[in-house]
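Submitted below is the structure of interest, expressed as structure tokens.
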Amino acid sequence: MGNSADMPWTARAAGRIGHHASAMLIASIGGAVVLGMYPLPGVFSFSVPIALFGFVLLSWFLMRQHDRRLCEQCMASMPLNPSEEAVRYKRRFWMAHTGSEPRFLIPYLAVLIGSNFTTTTVGRVGWAIVQLSMIYLILAHSTHRRLQPWCPWCSDGGGGEHVDETPPVLPNDDRQLA
Ligand SMILES: [Zn+2]
Ligand SMILES: [Zn+2]
């Protein structure tokens, strides 16, 4: 941010869309679940899921780009009482940290992929729930990114009484998890 006028318009447009990328990703997960429960007939049964998959990849890419730097729209939508917000969203912070740990991530991915192969009705409902749980992970990730200075797991001074274990091992920058 800062000298955004120097940026090419494509970068600015991507930045503006990127701000909404997590919402796009959530919408496309919802779309994928609907398609999984009610497959479309004929030619659409192939073309629509492929288009949706492309949309998911695009949203994911834009979200990563967006998360890499401070976004003007994010700054503008910063709550006036971030520390109070942070207390409210404590569970999401916990999720954002725990969700990136291998001991959680690997079984989760196994269930996520494995649930695609069920054919029973109960299995399909389970599949939908597992897919929809990703929405919560995305929300946790974007809330954490926005309010990270107030995250008790990132800073010990934030009143993190639940911090009873070694800090989570993250693959790279804290902002790049998920
Ligand atoms: Zn933003
Ligand atoms: Zn944190």
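Only residues that are among the aliphatic types (A, V, I, L, M) and modelled with pLDDT of 90 or more: list them for the range 55-79, please.
VAL56, LEU57, LEU58, LEU62, MET63
Could you run through the range 80-118 and say how many residues are within 16 Å of ligand 1 (Cβ to nearest atom) and without any contact (Cβ under 8 Å) to a residue 40 or more places away in the chain?
The qualifying residues number 0.
Being within 14 Å of the chain's Cα centre (by Cα) and at pLDDT 85 or above: is that true of GLY99 here?
So GLY99 passes the test.
Is at least one residue of the range 35-54 assigned to a loop (DSSP other than H, G, I, E, B) and either of a type in the set (A, V, I, L, M) or within 23 Å of THR10 (Cβ to Cβ) (or both)?
Yes, the range 35-54 contains at least one residue that is assigned to a loop (DSSP other than H, G, I, E, B) and either of a type in the set (A, V, I, L, M) or within 23 Å of THR10 (Cβ to Cβ) (or both).
The values are calculated or read from the model by the stated rules, or taken from the named source; none is laboratory data. None of the values given here were measured: they were computed from a predicted structure. Cβ atoms come from the backbone with ideal geometry, glycine included; neighbour counts cover every protein chain shown.
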